[in-house]
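To start, the structure itself, in structure tokens.
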Amino acid sequence: MHVAVVINTMLPDAVQAAAQAQAHLAKRGASVQIIDSVESAAASKGPDRIVALGGDGTLLWAFHLFEHALAPIIGINFGKLGFLSGAISTDLIDALDYALTDEANKEARALLEVIIEIEGQTEPIRVTALNEVMVGRGANAKVVATSLAINGHAIYSIRGDGLIVATATGSTAYALSAGGPIVSPGYDGMVIVPLASHTLVARAMITAADDVVSITLPEEFRSDIMVVVDGQPLELPDAKIGAIKIKPSAQKLELIKLDSRLFYDTVAQNFFSGL
């Protein structure tokens, strides 16, 4: 079994744990590669398991580094919230052993397929999101106008900072900070949340698992739009964006979970423990 150990180099404890993980996994007969940069990931063959040492951001980075392989991931939390993590840092060795077994508990998480149509180009840009897609203000920081349609039915056109389309996994991230609901990670639909809308009537919406969201941009606002996927801005051509279509992907990501805490325990601890 080939294991990629992805580390957040800004966390000294995670860097130290990577050396422990490499030695332990090698003893278990696994081939191990430490991943600390895009370049080291590019030189790696597709892993059978991914170990992310850091916080939720590290796991997101690990997913995108190896999304072509779509290998099961276990996140070992050295960060703060740890919604995506499957174990805490003190359980490092037990978590590694557990991740290698065929009996490991794997939670299937919905992914988003994002299709960005560029005017004048026959092939759209295609990307995948685990948490969310944000369509909003560009470098000039001007208010943007976005029009939302679901399954071809126009819903609304609003001005503001933009729109977030999130998975249930991403409902506790950017979408939550913008006023969206907390959604159980087993849900396969999408969450749509307006960002700083200049109206009192735009509200968060939850779609069905087979719905297709389309975001279009009025002509005068098309020239400076930013599309951000899981916190990373996309490099888009200067040509105008025709439409951004988002739907649940046919594929899912498997998160390995050693930690016995349920999702609602994590929610209670992180968001409501001080009440």
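The values are calculated or read from the model by the stated rules, or taken from the named source; none is laboratory data. These numbers were taken from a predicted model, which means no experiment stands behind them. Please note: Cβ atoms are built from the backbone with ideal geometry, for glycine as well, and neighbour counts cover all protein chains shown. For accessibility, only protein heavy atoms count, side chains too; no ligands or nucleic acids. Shrake-Rupley method; radii C 1.70, N 1.55, O 1.52, S 1.80 Å.
Any idea which residue in segment 101-123 is farthest from E254 (Cα to Cα), counting only those that are touching a residue at least 60 places away in the same chain (Cβ under 8 Å) and part of a loop (DSSP other than H, G, I, E, B)?
Residue satisfying both the conditions and the ranking: G120.
Filter segment 245-263 down to the residues that are at pLDDT 85 or above and not in a strand (DSSP E or B), then identify the one that is surrounded by the most Cβ atoms within 10 Å (Cβ to Cβ).
It comes out as K257.
What are the pairs with Cβ atoms under 9 angstrom where one residue, in segment 2-13, is of a type in the set (S, T, Y) and the other, located anywhere, is part of a loop (DSSP other than H, G, I, E, B)? Sequence gap at least six, or different chains.
Within 9 Å, the pairs are T9/D36; T9/S37.
Looking at (1) open to solvent by 20 Å² or more (accessible area, probe 1.4 Å); (2) under 18 Å from T9 (Cα atoms); (3) over 15 Å from the mean Cα position of the chain (by Cα), which one does L53 not meet, given that it meets all the others?
Condition (1) is where L53 drops out.
I'm told K142 meets every condition in (1) outside any loop (DSSP other than H, G, I, E, B); (2) under 22 Å from L195 (Cβ atoms) except one. Can you identify the failing condition by its number?
Of (1) outside any loop (DSSP other than H, G, I, E, B); (2) under 22 Å from L195 (Cβ atoms), only one is false for K142: (1).
Of all residues in segment 1-56, how many are closer than 18 Å to G75 by Cα and part of a strand (DSSP E or B)?
16
Where residues in segment 57-70 are in a loop (DSSP other than H, G, I, E, B) and in contact with a Gly (Cβ under 8 Å, 6 or more places away or on another chain), which of them is surrounded by the most Cβ atoms within 10 Å (Cβ to Cβ)?
Out of the qualifying residues, it is F66.
State which residue is modelled with the highest pLDDT when the search covers only segment 71-83 and only residues that are in contact with a strand residue (DSSP E or B) (Cβ under 6 Å, 6 or more places away or on another chain), open to solvent by 10 Å² or more (accessible area, probe 1.4 Å) and not in a strand (DSSP E or B).
Here is the first cut: in segment 71-83, the ones in contact with a strand residue (DSSP E or B) (Cβ under 6 Å, 6 or more places away or on another chain) are 71-79.
Right, trim to open to solvent by 10 Å² or more (accessible area, probe 1.4 Å) and you get 72, 77-79.
Subset that is not in a strand (DSSP E or B): 72, 78-79.
Working: P72: 97, F78: 93, G79: 84.
Here the residue is P72.
So which residues in segment 92-139 are touching a Ser or Thr at 6+ places or on another chain (Cβ under 9 Å) and of a type in the set (S, T, N, Q), if there are any at all?
T128, N131 - these are the residues of segment 92-139 that are touching a Ser or Thr at 6+ places or on another chain (Cβ under 9 Å) and of a type in the set (S, T, N, Q).
Checking D94 against (1) in a helix (DSSP H, G or I); (2) of a type outside the set (S, T, N, Q); (3) open to solvent by 40 Å² or more (accessible area, probe 1.4 Å); (4) in contact with an Asp or Glu (Cβ under 7 Å, 6 or more places away or on another chain), which test does it fail?
All conditions pass for D94, except number (4).
Only residues in segment 198-225 that are among the hydroxyl-bearing types (S, T, Y) count as the first member; pair them with residues that are in a loop (DSSP other than H, G, I, E, B) and at pLDDT 95 or above, Cβ under 7 angstrom, at least 6 apart or cross-chain, and list the lot.
T207/G189; T207/M190
Evaluate the following for A129: is it touching a strand residue (DSSP E or B) at 6+ places or on another chain (Cβ under 9 Å), open to solvent by less than 30 Å² (accessible area, probe 1.4 Å), closer than 23 Å to V228 by Cα and modelled with pLDDT of 95 or more?
yes
Residues that are under 29 Å from L65 (Cβ atoms) and open to solvent by less than 20 Å² (accessible area, probe 1.4 Å), at least 2 per element: which strands (runs of 3 or more DSSP E) completely within segment 150-232 meet that? Steps first, please.
Values: elements: 153-160, 162-166, 191-195, 213-216, 225-229.
In segment 150-232, the matching strands (runs of 3 or more DSSP E) lie at 162-166, 191-195, 213-216, 225-229.
Just to verify a result, which residue in segment 233-244, among those that are assigned to a loop (DSSP other than H, G, I, E, B) and not aliphatic (A, V, I, L, M), is nearest to T169 (Cα to Cα)?
E235
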